[in-house]
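Okay, so here's the structure we're looking at.
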Amino acid sequence: MKLFKFSQSRSLWMMHFCTGCGAVELPPTMTSRFDMERFGIMPMATPRQSDLLLITGYLTIKTLKRVVRAYEQMPTPRYVIGFGSCTINGGMYWDSYNVIKKLELYIPVDLYINGCMPRPEAIIDAFLKLREMIAKGEANAWKKYIENYEWYKKNQSEVFDVEKWSVKK
Amino acid sequence: MSILYFFLYLLLVTIVGLLYMGVARKVTAHVQNRYGPPIYQPILDVLKLFGKKDAASHGVMHTLGPVIAYTGIGATLLFLPLGNHTPLLHFNGDLFVVLYLLVVGPLGMALGAGESANSNATIGIARALSMMLGYEIIFFMATLPVFYANHTASIYKVILAQGTFPKWAAIMYPISFIAGLFAVQGLLGEKPFELVIAPHEIASGPMVEYGGKFLGFLQIWHAVGIIVETGLFVDIFFGPQNILWFFVGTFFVFLASVLVNAVMPRFRIEQAVRFYWGIPLLFAILGILQVYLWR
Amino acid sequence: MTMFYILLVFILTGLLTLFLGPIKVLRNIVALLGYLAGSALFIYNIKPGLIYSLNIRVYNIHFESGFSTVFFGIIILAVFLIFLLASFHEENDGAYYLFAFLTLTGAIGVLFAKDLISFFFLFETMSLFSFLMVLKGKNKNSPKSAFKYLVWSVFGGYAFLFGTFLKVYTTHSVMIGDISFIGGHIKLLILLLILTPFMVKAALMPFHLWAPDAYSDSKDAFTVFFSGGLSKIGIFGYFIALFKIFTEIASKYPWFLTVIAWLGGITATLAGIYAFMQDDAKKLLAYSSISQLGYVAVGFGIYTHYSVVAAFFHALGHAVYESLLFLVVAGVYYRVKTTDLRKMGGLIKKMPLSFIGLLFGIIATSGIPPTIGFPSKWLLYEAVIMKGDLLLTSLVFFASITAFLYSYKLVHSIFLGKLHKEHRDVKEAPLGYATGIILLLIPLFVLGVAPGIAVKHIDYIIRFYLKPELGYNLTTMTTPLGHVNFPVVGIVMVSMFVLSLIIYFIFGSTYKADQTDNYTATEAISDDFELHYAGEFYGFMRKAFGRPLKWSFEKLLNAFLKLFAFIGEIARGFYMGDARVYLFYLVLFFSLLAYLMGGKL
Amino acid sequence: MTQEEKIKKDIETTFGELVNVNIQREKRVRVNAPKNMVLPILAYLKQRGFHQFTLLTCVDWINDGEFELVYNLYSLSYNVHVLISTRIKRDTETMPTAINVYEMAFDYEREIHEMFGVVFEGHPRLDEFLLEDWKGIPPMRKDFDTRKYVEEKFGVKDLTKELFTRKEQPYRGPGSNG
């Protein structure tokens, strides 16, 4: 069990949901300057294969539906990193009619990176922090989602049609 | 006793294959001026995938797909000599048994991916099968002269018939050897023939609906596949080696393929198939002519 | 006398079913009983070496039974049973059964015939009634396809008749017997002419043009017999022509055999390529059938002991898995009323038994062990390499790769992928089809693991003609090149599968995902959303092949047709149907005559 | 005579008193026209070489009770922008669609319809476009109270307070200075 936990912390496959401007910070993170692959973090193509959902930037209602769907398709244990101020409180879209303000109302977030934009160093730092949390068994947000499923669904239903967008289980 | 022996055998090959994948990632990273993950990274990946709590299954065939894939490659391994190390069942089969068992894996995965009802997966499968019209035939034609010249269809006998260094088939039949190298690139699915997976285009193709332990299975399938495919090539072209040199041989064949992979873009499917029907086919036919002339 | 009775039983059964036409249940029972009586007679009484002659004034009928008679007879009778079981579910009239039984009579009779005249007579009976069977086909294209089939059959029949006359002229004997002693090259011509109808029947390129249409436009149940059973007569014909009529072909005209082998290889490859380009299940299977029969021709063309064993075994295998595939498609058609691959999908959840049938059918078609497809392919490769024709080996290998392509397309488009909305209430194929599937799955595995059962019999057929080189027992085969133990391959696969399953069950858990729960770039899809990728499945291969794919024998033939039509049009121009014009021609003719005669008229 | 002046003169001679043309600055000509003149002007300019329909925008003059629709055209050969501006009554008036002149107007008109509620007569597809499941008044209108809407919909009590005083501090890495 310990081995599994260790390998979970050392091998994070990431699905970066590039919703906004945050996406530009990821190429330097991946490529030779910062090279996140040395920590075992790789970008993956589909939510089925990923452990980590990285939400880079603001989420409009339209995108949130897709994020929730992607999150629900990921196998557990799964982790979410909110990236940039927009995921914390809406950031520069704080009074926009179409951008959600607090991501954690809709899906559980393990870790936020604040800043607008956070630099690649901050991203790497967040990854390392998440790694520590997983190893210690603190990154349990995915359990929260399963336990408080009704609550999350209620929050989601306030902004979009949950029936249509949830994954049928 | 031999069952236990086989377990160890399979475990060894799986781990070595995973380490090869790690090396591939490290080498690619260095080519791209990065540091890269540790070499044992794929092992961690596989452990993580098997430790996942739940994986989505779309039905019986979807579930069995990766299992059949691993079955096929594991069964192939039993018939494949690792160098001059006698395979467990070498007396029971030959090249064609190995070639046909080698297809069981992709077929299983194809059936599994097909049931997921995802068109990305099926496009990937359609590509994989079409690619076989390219590389598989070249690989076959490249190895034929060796078997024909040694008058056997058994891989083990071909190994023994070759003799040591200067009598390697690679040196005796250099044209076929080059054709074979072309084919190995496609056999391993490395760039520029990576279009079956093509993550940016069809979202990792056949694996699109596989997560958790299914993906773990596909990883170890790929790991054993690397050894089996390069091993077949090494067996046929590099003569009798002890098991250590056998792994060195497979490693260098794999390394060559990875280095090409690191700097190549991706072909379109019809380009890839047509590529194989061009220069590699010419080499393969010339190799066959060579064996006719020598005999 | 028994041989005559068997044919009589089949004819009488056919006539009885014609009169019982409207009463479906009774008709079916009579058909089945008649069939069973005939085949019981065949199995218990037909031993190799029976001879029977019937003299009707000047015309003598000579019947004889050999090992090949028993071999092919059992195949044809077995496939006919599958056909009968499946056809009970179709909407047929009595005449349909009459024609079917008369076709069977012809097919079985051909196997008995010892002289070329009765051979011709029975062969044409079979062709004629199978033509009528195609004519009673399932769609409005059937008459056209049937006509195509008839034209090709007649072409083959004339060639055979002409060959027979030549043989009688040169040897003064109508018996099927050796012609090696004839001087000059006329014996090759005789051989070629006698071989023609069999090449047509076994759909060897370029004589294959009737097959895709006739196979796909005849009724589904009949296609099982048509492809699985009747094509065997073509292979029986190869055997007759190459081994009984011209025994010394290998030493006298080796190039002729090479041509046959290469034609076989080209047939296998091209038909395979056409097969994976088809979008209709039956068309695909028709081409696949042609492709598989190409291997048989390769086996005969190589003309060594184990290549011919491979050819016979492949013919047997072809009968098993091609019947199975056509049967499954027939069952699917019975339920969903279409054979268009683009309109099906996801039926695995509704028709699991049919899926299993098709799955093992395609596994056998692809030649994967431990099924019936593997031993023959393995033997064939050994034989071709042994012969030293490496390019032909490569061609055959290419053909067997195309088999993977079309078989995956078939199984994916029908059974995998997304279930169509209108197929939600589809049920498993009815009893007749299901029984057939199960009956065919048994030999598929048994002969794949223990090919010795059949190889022993095949060896008896040909050991008289060729030096026995193949070492075999019940479960193994040894050639000078290699050795294979079929059960070991099977056991290894099964135990490896069990091991993988154990690994699978140790770790983690799975949950059942809905078909709409799919990675679609995280878009939510509704249940009737089209996700199935079936049309243009290998569309990109069109680009890869480029121009050569557009060439075909059919187009060449159509070009000839156009040329003839053009010439005919010109010729017709002379006959306007107007009396004055004829008068003008007459005047012209006489003035020309007068001119030529120098004005002496 | 510069290109701009030439264009201005041409429009004025063709459409006379009905339109008001002025050169705003270099490369930019503005035409103020009544509603029914817009399509003729568009058709004329297209024929005159303005092949590019750059943009269609809308301004909500809530105090006047009017929407101003601005059609932006551009000509590659003259290197000149022409803005055709027209005003229609809010809520009561409709605008004829321009897709028969410029196909490009299709999506712009859908967007304006969705964001402002302007109805384009003859447009074949004025349905949901950028917003999904939007209920209530179109969001770009001046009388749409964004803050109130945000507070209600996203469960944020007091926006400014929420922004600047947060109880539980999120994780701050070294890169973000704090």
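Hey, if we sort B:ILE68, C:ILE273 by accessible area with the 1.4 Å probe, largest down, what's the order? List each step's numbers first, then the result.
Values: B:ILE68 35, C:ILE273 15 Å².
Ranked list, largest accessible area first: B:ILE68, C:ILE273.
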- line: In debye to the nearest 20, the charge dipole size for the stretch C:495-547, taken about the Cα centre with +1 at each Lys and Arg Cβ and -1 at each Asp and Glu Cβ, equals 520 debye
message: Compute the distance from the alpha-carbon center of the stretch C:188-233 to that of the stretch B:1-41, in whole Å.
response: 53 Å
- prompt: Hey, got the Cα dimensions of the stretch C:463-591 along the principal axes, in Å, largest first?
  reply: 102, 67, 25
message: Angle check, please: helix B:174-187 long axis (alpha carbons) against the longest principal axis of chain B (alpha carbons), in degrees 0 to 90, nearest 10.
response: 10 degrees
statement: Here the longest stretch of chain C that holds no chymotrypsin sites (Phe, Trp or Tyr not before Pro) in a DSSP loop having at most 14 other beta carbon atoms within 10 Å is C:182-463
statement: Rg (one decimal) and Dmax (whole number) from the Cα set of the stretch B:34-83, in Å, equal 15.5, 42
task: Give the residue from C:ILE502, C:PHE529, C:ASN518 lying farthest towards the positive end of the charge dipole for the stretch C:495-547; charges sit on Cβ (+1 for Lys and Arg, -1 for Asp and Glu) and the dipole is referred to the Cα centre.
output: C:ILE502
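What number, in percent, do you get for the relative contact order of the stretch D:3-130 if the mean sequence gap of Cα pairs under 8 Å and at least 6 apart is divided by its residue count? Please report the intermediate quantities before stating the final value.
Values: 212 pairs, mean separation 25.7, N = 128.
With pairs under 8 Å counted, the relative contact order is 20 percent.
When the dipole is taken about the Cα centre of the stretch B:183-285, and only Lys, Arg (+1) and Asp, Glu (-1) are charged at their Cβ, what size is it in debye, to the nearest 20? Provide the component values of the computation, followed by the final result.
Numbers: 5 positive and 7 negative charges, 21 e Å.
Magnitude of the dipole: close to 100 debye.
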- request: Taking just the C-alpha trace of the stretch C:64-184, give me its Rg and Dmax in Å.
  value: 16.9, 56
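So if R0 is 56 Å, what FRET efficiency would C:VAL154 and B:ILE171 give, r being the distance between their Cβ atoms, rounded to the nearest 0.05?
E between C:VAL154 and B:ILE171, to the nearest 0.05, is 0.40.
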field: Accessible area in the full protein assembly, largest first, 1.4 Å probe, for C:GLU322, A:GLU163
entry: A:GLU163, C:GLU322
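Kirkwood hydrodynamic radius (Cα pairs, Å) of the stretch B:2-87? Mind showing how you got there, number by number?
Details: mean 1/r = 0.0650 Å⁻¹.
After inverting the pairwise mean of 1/r, the radius is 15.4 Å.
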task: Would you kindly calculate the translational diffusion coefficient of the stretch A:2-165, applying Stokes-Einstein with the Kirkwood radius from alpha carbon pairs, for 20 °C and a viscosity of 1.002 mPa s, and quote it in µm² s⁻¹ without decimals?
output: 135 µm²/s
message: Between helix B:212-237 and chain B, what is the angle of the helix's C-alpha long axis to the longest principal axis, kept within 0 to 90° and rounded to the nearest 10?
response: 10 degrees
task: Take the Cα radius of gyration of the stretch C:319-372 and divide it by 2.2 N^0.38 Å, with N its residue count; two decimals is plenty.
output: 1.14
- prompt: Quick one: what Rg and Dmax do you get for the stretch C:276-368 from the alpha carbons, in Å?
  reply: 15.0, 47
field: Most positive-pole-ward Cα, A:GLY137, A:ILE81, A:CYS116, against dipole of the stretch A:2-165 from beta carbon charges
entry: A:GLY137
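May I ask which of C:LYS387/C:LYS555; A:LYS62/D:LYS153; C:LYS140/C:LYS349; C:LYS418/C:LYS512; A:LYS164/D:LYS135 have a Cα-Cα span longer than 25 Å here? List each step's numbers first, then the result.
Numbers: C:LYS387/C:LYS555 35 Å; A:LYS62/D:LYS153 14 Å; C:LYS140/C:LYS349 32 Å; C:LYS418/C:LYS512 15 Å; A:LYS164/D:LYS135 17 Å.
Too far apart for the 25 Å limit: C:LYS387/C:LYS555; C:LYS140/C:LYS349.
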query: Computed from the mean reciprocal separation of all distinct C-alpha pairs, what Kirkwood hydrodynamic radius does the protein assembly as shown have, in Å?
result: 35.2 Å
- prompt: Against the longest principal axis of chain C, how steep is helix C:431-449, in degrees 0 to 90 to the nearest 10, with axes from Cα atoms?
  reply: 90 degrees
task: Select from B:MET264, B:MET131, B:MET141 the residue whose mean-square fluctuation is largest in a Gaussian network model of chain B (Cα-Cα springs shorter than 10 Å).
output: B:MET264
- prompt: Counting only the backbone N, which residues of the stretch C:413-455 are under 15 Å from the spot 7 Å out from the Cα of C:THR338 toward its beta-carbon?
  reply: C:413-426
statement: In debye to the nearest 20, the charge dipole size for the stretch A:2-165, taken about the Cα centre with +1 at each Lys and Arg Cβ and -1 at each Asp and Glu Cβ, equals 300 debye
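So for the stretch B:2-294, averaging the separation of alpha carbon pairs under 8 Å that are six or more residues apart and normalising by length, what relative contact order in percent results?
Details: 460 pairs, mean separation 83.1, N = 293.
Once divided by the residue count of the stretch B:2-294, the mean separation gives 28 percent.
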statement: Rounded to the nearest 100 Å², the accessible area hidden between C and B, summed over both chains at a 1.4 Å probe radius, is 6700 Å²
The stretch B:2-294 - Kirkwood radius from inverse mean 1/r over Cα pairs (Å): 19.4 Å
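Taking only C-alpha pairs under 8 Å that are 6+ residues apart, what is the relative contact order of chain C in percent? Mind showing how you got there, number by number?
On the way: 924 pairs, mean separation 70.8, N = 601.
Relative contact order of chain C: 12 percent.
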- prompt: Can you list the lysines whose alpha carbon sits under 20 Å from that of D:LYS89, skipping same-chain ones fewer than 8 residues off?
  reply: D:LYS35, D:LYS142
- prompt: Which is the longest part of chain C that has none of the trypsin sites (Lys or Arg not before Pro) sitting in a DSSP loop with at most 16 other Cβ atoms within 10 Å?
  reply: C:141-336
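If you take the accessible area of B alone, add that of A alone, and subtract the area of the pair, what total do you get in Å², probe 1.4 Å, to the nearest 100?
2400 Å²
Can you list, largest first and rounded to whole Å, the semi-axes you get for the stretch D:3-130 by taking the square root of 5 times each eigenvalue of its Cα gyration tensor?
24, 16, 13
From largest accessible area down, sort D:ASP64, A:ASP110; use a 1.4 Å probe on the protein chains. Please list the in-between numbers first.
Numbers: D:ASP64 90, A:ASP110 25 Å².
Order by accessible area, largest first: D:ASP64, A:ASP110.
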query: At q = 0.05, 0.06, 0.12 Å⁻¹, what base-10 log of I(q)/I(0) does the Debye formula yield for chain C when every alpha carbon is treated as an equal point scatterer in vacuo?
result: -0.25, -0.35, -1.24
17 Å cut-off, amide nitrogen to a point 7 angstrom out along D:ASN63 Cα→Cβ, residues in the stretch D:82-99: D:90
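What number, rounded to the nearest 500 deg cm²/dmol, is the helix-based mean residue ellipticity at 222 nm of the protein assembly as shown, given -39500 (n - 2.57) per DSSP H run of at least four residues and division by all its residues? Don't jump to the answer; show the numbers that get you there.
Working: 49 runs with 738 residues, N = 1243.
Value at 222 nm, helices only, nearest 500: -19500 deg cm²/dmol.
The values are calculated or read from the model by the stated rules, or taken from the named source; none is laboratory data. Since the model is a prediction, treat every value here as computed from it, not as a measurement. In this analysis, Cβ positions are derived from the backbone assuming ideal geometry, glycine residues included, and neighbour counts consider all displayed protein chains. Just the protein is used for accessible areas: all its heavy atoms, side chains included, with ligands, DNA and RNA removed. Shrake-Rupley method; radii C 1.70, N 1.55, O 1.52, S 1.80 Å.
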